[in-house]
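Down below is the structure, laid out as structure tokens.
Just so you know, all these numbers are worked out from the coordinates, no wet-lab data involved. A quick note: this is a predicted structure, and the numbers were derived from the prediction, not measured. Cβ placement follows ideal geometry from the backbone for every residue including glycine, while neighbour counts extend to all protein chains displayed.
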Amino acid sequence: MHHLEAFASNPRFRVVGLCDIDVARLDAAAQNFPGAYTSTDAAQMLANTWPDVFAFCTLPHIRLPLIRVGVEAGVKLIAYEKPVATSTNEALAMYELLREAGIKSVVSYQHRYGEHYQKVKEIIASGAIGRVHTVYGHATGWMLHMMPHLIEYMRWYNGEADAEWVVGQADGTEKFADVHPSPDYIAAAIQFENGVRGVVECGAGAPDVPEVDYWWRKCRVGAQGTEGFAEVLTGGGWRAVTRHSNGVISGPGCMDYAHDMPPYIQDIATWLDDPARVHPCNGERALKGFEIMMAACRSVVQRGKVSLPLGPGEPELDALKRVLPA
Ligand SMILES: NC(=O)c1ccc[n+]([C@@H]2O[C@H](COP(=O)([O-])OP(=O)(O)OC[C@H]3O[C@@H](n4cnc5c(N)ncnc54)[C@H](O)[C@@H]3O)[C@@H](O)[C@H]2O)c1
């Protein structure tokens, strides 16, 4: 509904079709969009509506089949939710389909539009914390939920540098039963090509963010440089020490769909209108973050440093489940 409402309220878009396999949910949504074609089958909906954009927001286990449906329908852009996929094999297959068909893709990292997320980017990019040597992110939410977000914004704060290698360690199997199947805890060190070190932790045992009360907003993402630091709390604003500041400076901000969705959707229109104005949440960028997460998983299983880019291999979640102690 967040996605639908943002498309519907943007004058560059019209909602032409709705789909959910859950009829009650579909009917409830359709009441707000009279005139939109409805179906419990995505391929049927696309065949009857010929949209420019196909946006789907299913749970993580459904990605490749819906990418295929969108590619076969010949849409111009597919927008979908994090995580990119549940294995490297699946992600590689998805991007092969998208690239061959020349179809744009976008992944919902809309937190970046928050004023506090933007402020931290502005401070780091201005050089006010000196030369960045470390980027970091942690969340008490579990891996498939939160780690894609953390890595995406760490990469953003590090100028989108590619990663060279990743070392990871993990613990616990309880969360494999969840709809976002994950180890209970995972930590990774990332070596970026520009020499910057990334440190990321996710799940039970990751540091709390006591300033924030709601679980998925308990994320801290930032950068340390030679002359200071700047960091964002998803539900608790931003703070920094810079070469110009006299002590800590800070400001407000809290992840809010009403604030963050409209610019995310507008950037889809902008990219479709002008291919040079690539969406900041474009799928190729998201894939690089996903690879870092999967490299951390492979490192837990294989031990040692895992070099990027990744090729096909044993599905990472299955492999993790096999080796981790309960
Ligand atoms: N970007 C963010 O900040 C953010 C926030 C929340 C959730 N998410 C992500 O969004 C995704 C969905 O999460 P959710 O909490 O909305 O899940 P959900 O279970 O509430 O909604 C998923 C919907 O997809 C429907 N569905 C399942 N298979 C389908 C199919 N083949 N065709 C059509 N519809 C189908 C389900 O019936 C359900 O209504 C997850 O990947 C989650 O990680 C992202």
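Show me, bin by bin at 10 Å from 0, the whole-percent P(r) of the chain based on Cα pairs.
For the chain, the binned pair fractions read 6, 25, 33, 25, 9, 1, 0 percent.
If you wrap the range 117-160's Cα atoms in a convex hull and average its projection over all directions, what's the area in nm²?
3.3 nm²
So if I place +1 on the C-beta of Lys and Arg and -1 on the C-beta of Asp and Glu, and nothing else carries charge, what would the dipole magnitude of the chain be about its Cα centre? I want it in debye, nearest 20.
Working: 29 positive and 38 negative charges, 124 e Å.
With Lys and Arg at +1 and Asp and Glu at -1, about 600 debye.
Along the charge dipole of the chain, which of Gly127, Thr88, Gln302 sits closest to the positive end, that is, farthest toward it, with unit charges on the beta carbon of Lys, Arg, Asp and Glu (+1, +1, -1, -1)?
Farthest along the dipole direction, towards plus: Gly127.
What does the extension gain come out to for Cys254 and Asn48, with contour length at 0.36 nm per residue minus their alpha carbon separation? Please list the in-between numbers first.
Numbers: separation 206, 0.36 × 206 = 74.16 nm, distance 3.91 nm.
The Cys254-Asn48 span can extend by a further 70.2 nm.
Rank Tyr214, Pro280, His61 by how far each Cα sits towards the positive end of the charge dipole of the chain (+1 on Lys, Arg Cβ; -1 on Asp, Glu Cβ) and give me just the farthest.
Checked the options; the winner is Pro280.
Sorted from fewest to most neighbouring beta carbons within 10 Å, what does the list Arg25, Arg239 look like? Before the final figure, lay out each step's value.
Numbers: Arg25 12, Arg239 20.
Result, fewest neighbours first: Arg25, Arg239.
When each pair of different Cα atoms in the range 14-126 is counted once in the 1/r mean, what is the Kirkwood radius in angstroms, to one decimal? Let's see the in-between values first.
Numbers: mean 1/r = 0.0642 Å⁻¹.
So the Kirkwood estimate lands at 15.6 Å.
Please report Cys19, Cys219, Cys202, Cys57 as a ranked list, fewest other C-beta atoms within 10 angstrom at the top and most at the bottom.
Ascending number of Cβ neighbours within 10 Å: Cys57, Cys19, Cys219, Cys202.
Taking Rh as the Kirkwood radius, which is the inverse of the mean 1/r over Cα pairs, what is the Rg/Rh value for the range 237-301? All intermediate terms of the calculation are to be shown ahead of the outcome.
Values: Rg = 17.8 Å, Rh = 15.5 Å.
That ratio is 1.15, to two decimals.
Using the beta-carbon distance between Arg25 and His244 and R0 = 45 Å, what value does 1/(1 + (r/R0)^6) give for FRET efficiency, to the nearest 0.05?
Numbers: r = 51 Å, r/R0 = 1.13.
Calculated value: 0.30.
Using every Cα-Cα pair within the range 275-326, state what percent have a distance larger than 11 Å. Provide the component values of the computation, followed by the final result.
Details: 955 of 1326 pairs.
More than 11 Å apart: 72 percent of the Cα pairs in the range 275-326.
Looking at the square roots a ≥ b ≥ c of the eigenvalues of the Cα gyration tensor of the range 94-191, which shape do they give, rounded for a/c under 1.5, prolate if a/b is larger than b/c, or oblate? Mind showing how you got there, number by number?
Working: a/c = 1.70, a/b = 1.19, b/c = 1.43.
Oblate is the answer for the range 94-191, as a/c is 1.5 or above yet b/c matches or exceeds a/b.
For Lys121, go through the lysines and keep the ones whose alpha-carbon is under 20 Å away, minus same-chain ones fewer than eight residues off.
Those lysines meeting the cut-off are Lys218, Lys288.
If we restrict to alpha carbons, what Rg and Dmax does the range 185-284 come to, in Å?
Radius of gyration, then largest Cα-Cα span, for the range 185-284: 16.8, 45 Å.
Kindly write out, for the range 115-130 in residue order, the coupling ³J(HN,Hα) from the Karplus curve 6.51 cos²θ - 1.76 cosθ + 1.60 (θ = phi - 60°), rounded to whole Hz, with x marking Gly and Pro.
4, 6, 4, 5, 5, 5, 4, 4, 5, 5, 5, 6, x, 5, 9, x
Could you give me the ³J(HN,Hα) list for the range 301-306, computed from phi with Karplus coefficients 6.51, -1.76, 1.60 and θ = phi - 60°, whole Hz, x at Gly and Pro?
Couplings: 7, 8, 6, x, 7, 10 Hz.
Using a Förster distance of 35 Å, how high is the FRET efficiency between Val323 and Ala8, based on the Cβ-Cβ distance and rounded to 0.05?
According to the calculation, E is roughly 0.15.
How much of the DSSP bridge set in the chain is antiparallel, in percent, rounded to the nearest 5? Provide the component values of the computation, followed by the final result.
Values: 39 of 57 bridges.
Rounded to the nearest five, the antiparallel share is 70 percent.
Give the distance, in whole Å, between the Cα centre of the range 284-302 and the Cα centre of the range 51-109.
If you average the Cα positions of each part, the centres end up 18 Å apart.
Under the definition of Cα pairs under 8 Å and six or more residues apart, what whole-number percent is the relative contact order of the chain? Can you show the working numbers first?
Values: 697 pairs, mean separation 64.9, N = 326.
Relative contact order of the chain: 20 percent.
Of His138, His149, how do they rank once you tally other Cβ atoms within 10 Å and put the fewest first?
Details: His138 22, His149 26.
By the 10 Å Cβ count, ascending: His138, His149.
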